[in-house]
1. To the nearest µm²/s, what D does Stokes-Einstein give for the protein assembly as shown at 4 °C and 1.567 mPa s, using the Kirkwood radius over alpha carbon pairs as Rh?
2. With the cut-off at 1.5 for a/c, could you classify region B:184-257 from its C-alpha gyration tensor as rounded, prolate or oblate?
3. Give me the tail of P(r) for region B:74-213 as a percent: Cα-Cα pairs with distance above 23 Å.
4. What three numbers, in Å, describe the spread of the alpha carbons of region B:111-190 along their principal axes, ordered from the longest?
5. Which FRET efficiency, nearest 0.05, do residue A:329 and residue A:211 yield, Cβ-Cβ r, R0 25 Å?
6. What list do you get for B:203, A:231 if you sort them by fewest beta carbons within 10 Å?
7. Rounded if a/c is under 1.5, else prolate if a/b beats b/c, else oblate: with a ≥ b ≥ c from the C-alpha gyration tensor eigenvalues square-rooted, which is region A:273-339?
8. What distance in nm separates the simple spin-label points at residue A:269 and residue A:239, each placed 7 Å from Cα in the Cβ direction?
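A short reminder: the numbers here are calculations on the coordinates, not readings from a lab. All values derive from a computational prediction rather than experimental measurement. Heads up, the Cβs are rebuilt from the backbone with ideal geometry, glycines too, and the neighbour counts pull from every protein chain shown.
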């Protein structure tokens with residue numbers, strides 16, 4: 001990496017001090033925005049590259065925050081990430097991303113990379129099976145951790161997620177209030193806290209209404225459109241012929257609706273379907289999807305702020321914040337029809 | 001960052017040399033996989049963090065590759081990224097991502113970050129308006145650049161993308177062969193090479209078939225489902241009542257089909273719609289989407305390999321490779337119906 005231009009060259013050209021140039025290139029708040037922009041623009045024009053890597057060995061902040069989730073391409077995480085990103089942008093933090101695909105080893109490699117880079121912190125939706133020790137190791141090495149979407153037992157760090165048991169109860173109760181009594185639950189896994197909480201919330205709502213819960217009505221697995229689509233024949237072949245499906249998330253629900261349509265039935269008329277998350281796409285699906293708003297933007301915003309507060313020394317004890325979901329009623333749910 | 005454990009502690013515990021430990025922690029191919037895994041596992045267990053940041057000041061490779069695109073959450077890029085990721089994984093490169101949202105400043109910040117980190121290279125779909133000088137600056141500072149999806153005039157670096165003009169011609173010709181004569185083109189922008197090539201391909205196919213091209217049949221803009229959905233009323237109100245729409249991408253097409261359905265018409269019967277990209281989702285949409293396979297996996301694979309070849313000193317001159325798209329006929333296109 002060539003770096004022969006000196007700070008004094010930039011300082012002389014612009015008639016400012018070398019110290020000002022140095023501070024400006026490090027985005028110090030001590031330099032006025034306009035001056036900083038002028039200095040950075042000039043530095044760029046003459047081909048100067050500020051060496052953050054060397055600088056971060058001297059100063060305590062690298063300006064880098066890592067984010068690792070199951071799958072960035074899942075719109076649920078995408079919406080959380082957009083909100084984290086806009087909050088970090090305001091603080092001039094750079095944001096680097098990675099997927100762990102629920103592989104502990106991939107998650108560890110990314111955390112190691114962040115440690116090696118001297119990153120300022122990590123926001124993560126922990127991979128299935130993440131031990132509290134992995135989180136402790138990061139914290140012990142000076143990398144603050146904030147969890148989103150899922151929690152890890154015994155990890156003493158902030159957690160921001162939706163109240164899954166309550167949220168799935170809203171969807172289940174809505175179907176019950178329309179007159180459905182045979183309601184399946186499609187998708188998700190019981191290996192995560194989210195999965196266990198949602199299944200528990202569905203069972204609780206059914207039992208509270210005095211309705212039976214057949215074990216075969218639980219079809220775990222799907223978390224994507226493809227998964228929801230593929231499971232449609234299995235759902236439609238259930239011997240009790242459920243009239244409604246509470247789905248793990250909007251993707252599963254939209255896929256299931258496509259699969260129901262492919263089988264010649266009309267989702268929202270012949271079969272009621274609910275989603276979970278209220279992705280942007282839910283409102284424009286055919287039919288528009290009844291779902292549970294899951295506060296993705298809130299989760300992202302609060303997680304980013306909690307991390308920034310920690311970096312700025314604004315002490316707050318680690319906390320678990322549950323965001324209260326809300327029901328969004330649209331066209332994919334109706335009174336039950338005989339099948 | 002605490003780091004008091006010495007390499008010799010690990011070496012002594014496992015009965016290997018300090019040099020072997022050092023090489024293993026740097027993922028050197030000189031150490032057998034099994035030995036490397038054993039060393040890394042033990043190092044982790046005792047809380048040792050390999051300091052890649054300091055090490056990369058001594059050695060020439062950091063093991064980090066950056067990827068920056070318009071929007072990671074767009075499934076078109078997601079499919080390219082999956083393929084880049086699996087190729088880099090095999091070479092034990094770590095992969096960090098960022099969005100530029102077509103903002104030059106965001107793209108520059110990410111490239112600066114990569115330079116500061118001493119990253120090994122960057123694969124990018126350049127932001128609208130990227131000057132060749134930005135790419136040259138990165139290359140001059142030792143950061144090899146590979147472009148995907150879009151090209152930058154006068155940039156002398158490898159480019160991997162689909163043949164957009166040819167691909168959109170396949171979709172347009174398919175509609176013409178079904179008997180459509182009034183065909184609109186929905187979505188995309190003329191500010192990118194991709195956008196200009198696709199519009200050109202559509203106009204060429206129409207003219208070759210002796211069909212008129214009304215300027216009002218071009219509705220630029222939408223690139224998302226939401227965008228396609230919102231533009232449906234404008235499309236349906238066109239005075240000539242086109243019987244078919246060639247869409248910019250699958251997302252726009254799926255959104256448009258949802259908008260057509262919302263207006264009480266049946267996409268694939270009343271109006272034919274084609275997509276572009278052949279996302280996984282295209283095959284399970286309702287109706288299943290006729291579209292153009294755009295070789296996302298090929299683009300990702302070739303871009304990753306081109307970069308790795310460069311890093312490994314396997315010299316190949318910069319090249320532009322156009323991947324040949326293919327038509328995928330499904331249920332969203334049929335003979336025209338009078339409207």
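1. D, rounded to a whole number, is 48 µm²/s.
2. Verdict is oblate for region B:184-257.
3. Values: 4380 of 9730 pairs.
Distances greater than 23 Å cover 45 percent of the Cα pairs.
4. 57, 21, 18
5. 0.80
6. B:203, A:231
7. prolate
8. 3.1
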